[in-house]
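The structure appears right after this line, and notes come after that.
The values are calculated or read from the model by the stated rules, or taken from the named source; none is laboratory data. Everything numeric in this text was worked out from a predicted model, so none of it was measured. Note: ideal-geometry Cβ built from the backbone for every residue, glycine included; neighbour counts use all protein chains shown.
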Amino acid sequence: MRSYPVFCVLLIGICVACFCKVPHTSLNNIESLDKFVHAGMYLVAGGCMRIECMRHYKKMPPRHILFLIWLVPILFSGVIELLQPLFTDGRRNGEWLDFASNTAGATLANLAAMLMSALRIKAYKMYYMLILLCTLTFKQIADHYLSGKSNRFPVAYTY
């Protein structure tokens, strides 16, 4: 918990999000959007865990630690997908494609962190970029829902 505080907070957030009822929005008609959301959640969570590991170890961590850092989010997502049908009263179901999306997100996070290590980019700079990306995305979503205008949603989701 002390070594990975941001990752632990993100896992709690993922647990809450995965066991809550999914609200109906205008984005429900976009096919496979939830798979991108799953990949994005685990991309951020896996990236934060890898960055926190890089901060924790001043030198390069042992290979088995790096393997566990990749494996922990994947195992966590598998447990979540297995528990969803049991604890949501049929509102949510576990899907293999969700698990595959989670695995892809965690794998991309580790590949990006490996590239970051190879380019000698400091971990705190990556934190700032992740926070900036999340802030901009949430600002665009909030602008869309609070303004009431349908044409203000991010360009990536418009047709």
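Okay, here's what the table says:
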| read-out | value |
| --- | --- |
| Cβ pairs under 6 Å, 6+ apart, first in segment 103-115 and over 15 Å from L75 (Cβ atoms), second modelled with pLDDT of 85 or more and not in a helix (DSSP H, G or I) | none |
| In segment 56-74, residue farthest from the chain's Cα centre (by Cα) [restricted to those that are touching a residue at least 12 places away in the same chain (Cβ under 8 Å) and closer than 26 Å to F99 by Cβ] | I65 |
| Pair list, Cβ under 7 Å, 6 or more apart: segment 29-55 residue of a type in the set (K, R), other residue surrounded by fewer than 16 Cβ atoms within 10 Å (Cβ to Cβ) and part of a helix (DSSP H, G or I) | K35/L97 |
| Criterion (surrounded by 15 or more Cβ atoms within 10 Å (Cβ to Cβ), modelled with pLDDT of 80 or more and among the aliphatic types (A, V, I, L, M)) met by exactly one of I51, I80, I65 | I80 |
| Residue check, A100 among the small types (G, A, S), outside any loop (DSSP other than H, G, I, E, B), closer than 14 Å to K35 by Cα and under 14 Å from the mean Cα position of the chain (by Cα) | yes |
